[in-house]
Structure formats: structure tokens, C-alpha cells
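What follows is a set of notes on a single structure, which appears directly below.
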Amino acid sequence: MRQKYNHINIIGCGFAGCECALSLAGRGEKVHVFDDRDSQYKWNNQSIDFAGKKAFAKTLLRHELNVLDSALMKIENELFLQGQILNSQKLLEQARERVKAHPNIQFFDISIKELNFEEINVIATGPNTDKTFFSYLVDTFGSRRCFDCIAVYPLVKDIDEKCFIKKDEYLFLPFDYDEYIKLVNNIVAKLNEEILAQSNKPVSNTIEYYVFKEKDMLKKEAMLPIYLENCTKPYAVLKLKKIGQYFQIDGFASSLSVESQLEILHSIKGLEKCILAQKGEAREACYINAPYMINEFCQSIKFDNLFFAGNIAGVYGKTESIASGLYTANNVFCYINEKQFVKLPSNTCLGHIMQKIIKSNNFNCSKFEPIFADYDIIESNKGQKHRQENETFLENRSKMLLEKYKEELKNGKHV
């Protein structure tokens with residue numbers, strides 16, 4: 001018999017946290033929400049240009065949220081009917097007000113530093129998670145399952161392709177021991193000039209971090225040796241991926257200045273005259289390594305009364321975060337009421353996103369890319385002659401599948 005819980009703790013009150021809290025509270029559950037970031041939300045005014053099937057994927061996800069009775073979609077629809085200008089900030093402000101005013105929700109304007117594993121917890125803190133709390137998560141689950149930066153690899157052009165070994169869309173540059181040590185020494189020199197001289201620590205998962213840790217860590221992480229021509233295996237290998245007219249240097253994220261990055265690259269054969277189109281970066285953001293942390297129901301593998309939702313679990317965007325919060329709320333509700341979890345239909349937008357998060361090899365410290373609504377299901381109905389017919393078909397199919405999902409939630413079998 002499962003332990004009875006008096007309330008559910010939701011840590012974080014962004015899009016995912018608000019949706020999760022309002023969804024559970026609307027079903028009569030008592031919810032405690034913890035968030036002290038009223039003045040710390042950062043808004044990105046840059047819009048993403050979703051074209052073609054990407055734009056429709058976003059539209060389809062919104063359609064699915066309406067079918068699933070999303071609390072935040074209801075708020076957005078209300079604002080629209082009132083003739084108000086719709087934007088992310090306005091929607092979140094309204095959602096937070098609803099959370100604070102709901103009779104089944106207690107809002108605490110405090111920052112959580114650790115979890116009480118005797119209670120049900122939902123972590124929906126997003127990429128700007130409190131550093132002390134995230135350090136606690138790292139200590140609890142390990143640094144390979146929680147990481148705090150996204151690596152952005154540099155893009156270059158005007159390289160000497162004759163120096164490289166070409167395989168498919170990749171170019172490989174072999175290094176012998178002396179060439180590798182020369183590169184490491186160049187990075188160490190720039191590390192000493194820019195970072196250690198200011199008593200700062202190198203940022204995780206950057207080339208300077210690797211050489212700071214140990215001589216061969218750069219080789220192990222960014223320049224892993226592989227067998228090339230004639231079954232020879234060099235000491236280390238630099239890997240470049242062709243992206244349009246540019247080449248991405250895999251594993252070479254860096255927090256060094258553009259000038260230092262260029263000097264390091266120009267010291268490498270074949271890159272002596274390259275132009276740096278996009279510098280390497282290590283953007284600070286907190287995520288969990290989802291495939292190793294949660295199951296397909298957003299439930300922690302290690303603690304069955306712990307759930308994750310939103311950006312910290314690897315989704316990107318307002319609508320995706322709302323969807324993640326709603327799905328997590330459904331699973332928490334099943335858990336509390338000792339009912340079997342209900343799987344999302346895989347050929348819906350929301351179902352596809354969750355499967356992509358859990359089953360892909362996308363999540364690792366050096367190659368993390370958050371998931372958004374852009375998925376292969378758009379191509380699944382090629383028999384339709386016209387785009388409008390295809391979109392209508394997919395919307396109707398999503399509605400049918402999700403209505404069945406809702407019915408299974410309502411009449412779910414007890415565990």
C-alpha cells in the first residue's frame with residue numbers, strides 16, 4: 001500500500017510549474033509551490049523562425065494542449081478574447097497570479113536548497129535553476145546525470161581540406177603525440193592568460209576545462225582517436241562536420257575570447273587561415289540527463305515519488321514547457337491515486353517529444369540540444385495530396401488519440 005501524501009511540492013513556477021500546479025489543484029489535490037524568482041525571469045525577445053512543418057508542429061502541439069484541457073491554454077484563450085496582446089511574459093504573469101490565488105495552492109516565495117524525499121516532489125525549475133539547489137542535485141544524482149552548461153561548437157570556413165580525411169559529412173584530422181601536446185600547450189597558455197590569471201575556474205565541458213583537468217582529457221572527450229585510413233589509429237583526432245558552407249569543430253566549446261580561440265585554431269594544420277564564423281561557447285544552463293534520470297512518465301528512476309517537468313528535463317519553448325507540465329501532472333495524479341500510468345500515443349506531437357527526450361542519445365554534456373516541436377510525424381501521412389488535407393488529418397487524429405488517452409486516465413486501473 002502506497003504512503004498517503006498530504007500535498008505535492010512543485011519547485012519552480014515557470015510555464016511547466018504553473019501548468020502542473022493548476023492542473024493538479026483543479027482536480028482537488030493540495031499543492032505547495034516554491035519559487036522566489038519573480039524579478040529574475042529573463043525574457044528572450046528573439047523569435048525562432050519556424051518554417052513549413054516546424055510551424056505546423058508548433059500549431060499541432062497547441063491543438064493537443066487544448067484537447068487535454070491545459071490550464072495555461074485556457075488563460076491564453078481568455079486573454080485573446082479580451083483583445084489583449086499575447087506574449088510569453090503576459091501569459092506567465094497571469095498564470096502565476098492564478099497559482100497564488102488558487103484555494104488548493106499554497107505559494108512560498110522561497111528558494112529550495114534540498115528535497116524531502118518523504119514527500120512528492122516535482123522539479124520544474126528550468127535552465128536557470130538556483131545554483132545551490134542544482135549543486136544538491138549533482139551531489140544526489142551525479143555530475144554525469146546533471147550538468148550545468150550547454151556546449152556550443154565553433155563554426156569555421158576557408159580550411160585546407162587536403163589536410164583532412166573525408167568520410168561522409170565529416171572531416172577527420174589525425175594528430176600524433178607531439179602535435180597533440182603542442183595543441184594542449186597552446187590551450188593551457190590561453191587558459192593561464194584569460195581565466196586562471198583572474199582566479200576563475202574554467203567552465204565545464206570546454207577545451208580549457210579538459211586541459212585543466214589532465215593532459216589527455218581533451219583527447220578522451222573532444223578528440224577521441226578512431227581508426228582512419230589503412231587501419232591506423234592516431235594518438236588523437238579532430239572531427240569537423242560539414243554544415244552548409246561552414247565546418248563545425250566537434251567538442252571545441254570554449255569560454256575563451258574570440259582572439260584566443262582563433263590563435264588556437266590557427267596553430268592547427270589545415271586551419272592556419274580559417275575564418276571563425278561562430279565562436280565556441282559554454283552557455284550556463286541547468287539540465288538533467290533525461291534518459292538516465294527519468295522514465296517515459298517523467299518519474300525519477302531513483303526515487304519513485306520524484307518527477308521532473310519543463311526545461312530542466314530537456315524541452316525548449318513556452319508551448320513545449322506547458323505540455324511537459326501538463327503531462328507530468330497527469331502522471332503525478334496517477335501515482336497519488338495508485339493507478340497505472342497511461343502512455344501517450346507516440347504519433348501525437350506531445351507523445352513524440354517525450355519519446356525523443358527519453359530514447360534519443362541527444363542528452364550528454366557535450367552535445368546537448370533541447371527538444372522542441374519539430375518532428376517526423378508530419379511526414380507520416382504522405383498519401384494526402386494537399387498540405388491542408390494533411391494538417392487536418394493530423395489534427396483530427398491527435399484529437400481522437402488524446403480523447404482516448406483522457407478516457408484511460410479517467411478510468412485507469414489501480415496498481
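We did not get these values from a lab; they are worked out from the coordinates using the rules stated. Quick caveat, the model's predicted, so the values are computed rather than measured. We place every Cβ from the backbone using ideal geometry, glycine too, and count neighbours over all the protein chains shown.
Grab the other residues whose beta carbon is less than 15 angstrom from that of Leu402, score K and R as +1, D and E as -1, and report the net.
+1
Give me Leu72, Leu276, Leu61 sorted ascending by neighbouring Cβ count inside 10 Å, so fewest comes first.
Listed from fewest to most nearby Cβ atoms, that is Leu276, Leu61, Leu72.
Below 14 angstrom from the Cβ of Glu114, what's the summed charge of the other residues (Lys, Arg +1; Asp, Glu -1)?
-2
Give the cross-link partners of Lys201 among the aspartates and glutamates, using a straight C-alpha distance below 13 Å as the criterion and excluding same-chain residues fewer than 8 apart.
Glu193
If R₀ is 41 angstrom, what is the calculated FRET efficiency for the pair Ser199 and Asn104, using the beta carbon separation as r and rounding to 0.05?
For R0 = 41 Å, the calculated efficiency reads 0.25.
Between Arg27 and Asn337, what length comes free when the chain is fully extended (0.36 nm per residue of separation minus the Cα-Cα distance, one decimal in nm)?
Here the segment from Arg27 to Asn337 would lengthen by 110.4 nm.
(i) 22.8; (ii) 21.3; (iii) 23.5: which one is Kirkwood radius over Cα pairs in Å as calculated from this entry?
Matching entry in (i) 22.8; (ii) 21.3; (iii) 23.5: (iii).
Taking +1 at the Cβ of each Lys and Arg and -1 at the Cβ of each Asp and Glu, which of Val203, Gln299, Ala282 sits farthest along the dipole of the chain towards its positive end, judged by Cα position relative to the Cα centre?
Selected residue: Gln299.
Take Glu97 and Val152, extend 7 Å from each Cα along the Cα→Cβ direction, and tell me the distance between the two endpoints in nm.
Each label point is offset 7 Å from its Cα along the Cβ direction, giving 3.5 nm.
Give me P(r) over the stretch 154-279, computed from all C-alpha to C-alpha distances, binned every 5 Å, as integer percentages.
Per 5 Å bin, starting at 0, the Cα pair percentages come out as 2, 11, 22, 25, 21, 12, 5, 2, 0, 0.
Which loop-located GluC sites (Glu not before Pro) does the stretch 214-276 contain, where loop means any DSSP state but H, G, I, E or B and the Cβ has at most 15 other Cβ atoms within 10 Å?
Filter output for the stretch 214-276: Glu214, Glu272.
Can you put Ser255, Ser204 in order of Cβ neighbours within 10 angstrom, beginning with the fewest?
Exposure proxy ranking, most exposed first: Ser204, Ser255.
Roughly how many debye, to the nearest 20, is the charge dipole of the chain about its Cα centre, given +1 on each Lys and Arg Cβ, -1 on each Asp and Glu Cβ, and no other charges?
920 debye
What full-extension length gain, to one decimal in nm, is calculated for Met217 and Thr140 as 0.36 nm per residue of separation minus the Cα-Cα distance?
25.3 nm
Please express the Cα-Cα pair-distance distribution P(r) of the stretch 56-182 as a list of whole percents, one per 5 Å bin, running from 0 to the bin with the greatest distance.
Answer for the stretch 56-182: a P(r) of 2, 7, 9, 12, 11, 10, 12, 10, 7, 6, 6, 5, 2, 0 percent.
Report the net charge of residues surrounding Leu256, where surrounding means a beta-carbon distance below 15 angstrom and charges are Lys +1, Arg +1, Asp -1, Glu -1.
So the surrounding residues net to -2.
Near Lys339, which lysines are there with a Cα under 20 Å away, not counting those fewer than 8 places off in the same chain?
Lys4, Lys30, Lys302, Lys404, Lys406, Lys410, Lys413
So, in nm, how far is label Tyr292 from label Ile275 when the simple model puts each one 7 Å beyond its Cα toward the Cβ?
Distance between label points: 4.0 nm.
Using only helices, what value at 222 nm comes out for the chain when you add -39,500 (n - 2.57) per DSSP H run of length 4 or more and divide by the total residues, to the nearest 500 deg cm²/dmol?
Calculated mean residue ellipticity at 222 nm is -12000 deg cm²/dmol.
Students often get this wrong, so check it: of Lys166/Lys273; Lys131/Lys239; Lys167/Lys269; Lys131/Lys215; Lys100/Lys343, which have C-alpha atoms separated by over 22 Å?
Lys131/Lys239; Lys131/Lys215; Lys100/Lys343
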